[in-house]
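To start, the structure under review is shown below, and the notes come after it.
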Amino acid sequence: MSAPYILYIYEHCPFCTKARMIFGLKDIPYERQILLNDDVEGPVRMVGRKVVPILEEDGQFMAESMDIVAHIDAIGKPVLTGKARPEITDWLHKAGKPLYHLFLPRAAAAPLPEFETTSARAGFIRRKEPSVGSFSALLEEKTDELTQLNALLKELAPLIQTPEAVNGELSTDDIHLFAHLHSMSLIGGVVYPPEVEAYRQTMAELSRVGLFDGIAV
Ligand SMILES: N[C@@H](CCC(=O)N[C@@H](CS)C(=O)NCC(=O)O)C(=O)O
């Protein structure tokens, strides 16, 4: 019998990482369907707009990563039982800008299935470039933002309470934090303090979402 859950994603999409994580953390099987980045018709037919992640369950469709996380976590015994901490929210907020400036041009060039066709890759560049500036310029000027990110990772290290859960007990902070670290793994030259390294490796294993380390540039 096929898995009752189908998750439609792009591999680079941080919101999709969040939705994928809860299945791994709960050990619930699901089928992963990677859409082409310029497939508009598919998501529109499912949820009325071009967006991922989308969860399909019994012919019903659900969008919104954290709704999917809450929905799957509510099956049986929830695992995200810990409290969120404002320090983590603040850190995620601070890291967001340098992260996405470094991440987007690399995602646009990465060998990912959602960019398998030329039109899918070109469409991504056309839509995303205006929000951050020329991807080729960003790739050349990386030093400043890389320095910022490495400094932020030093600030993150003492906030990590255990490698299995940033606040000691799994919470939505782990979903948001690992999604950031997963995107970051596409960026070469990032220096992970030991606590952050242990956390991202452990979380990759627990959530069964592989890091991009092998294709980082
Ligand atoms: N609030 C949504 C945001 C999802 C989202 O923005 N997904 C991006 C991909 S990372 C998307 O589908 N954007 C439309 C596009 O790529 O055209 C969620 O949390 O699921």
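The values are calculated or read from the model by the stated rules, or taken from the named source; none is laboratory data. The shown structure was predicted, so the numbers you read here are calculated from the model rather than taken from an experiment. Note that we place each Cβ from the backbone using ideal geometry, even for glycine, and neighbour counts take in every protein chain shown. What goes into the accessible areas is simple: the full protein's heavy atoms, side chains included, and nothing from ligands, DNA or RNA. Shrake-Rupley method; radii C 1.70, N 1.55, O 1.52, S 1.80 Å.
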| request: Working carefully through the options Arg106, Arg20, find the one that is of a type outside the set (A, V, I, L, M, F, W, C), crowded, with 22+ Cβ neighbours inside 10 Å and more than 10 Å from the ligand (Cβ to nearest atom). | output: Arg20
| said: It is to be established whether one or more residues within segment 207-217 are in contact with a Gly (Cβ under 9 Å, 6 or more places away or on another chain) and part of a helix (DSSP H, G or I). | reply: yes
| Out of (1) open to solvent by less than 60 Å² (accessible area, probe 1.4 Å); (2) within 27 Å of Lys128 (Cβ to Cβ); (3) away from the ligand (no atom under 13 Å from the Cβ); (4) not basic (Lys, Arg), the odd one out for Val47 is which? | (3)
| task | Return yes when Pro113 is assigned by TED's automatic domain parsing to the domain that holds Ala179 and surrounded by fewer than 16 Cβ atoms within 10 Å (Cβ to Cβ) and no when it is not. | result | yes
| request: Considering (1) in contact with a Lys or Arg (Cβ under 8 Å, 6 or more places away or on another chain); (2) modelled with pLDDT under 95; (3) within 13 Å of the ligand (Cβ to nearest atom), say which one Tyr100 fails and leave the rest. | output: (1)
| request: Considering every residue within segment 188-197, establish whether at least one is surrounded by 21 or more Cβ atoms within 10 Å (Cβ to Cβ) and under 23 Å from Thr143 (Cα atoms). | output: yes
| field | Filtered residues of segment 59-74 (kept if touching a strand residue (DSSP E or B) at 6+ places or on another chain (Cβ under 9 Å), of a type in the set (Val, Ile, Thr) and within 13 Å of the ligand (Cβ to nearest atom)) | value | Ile68
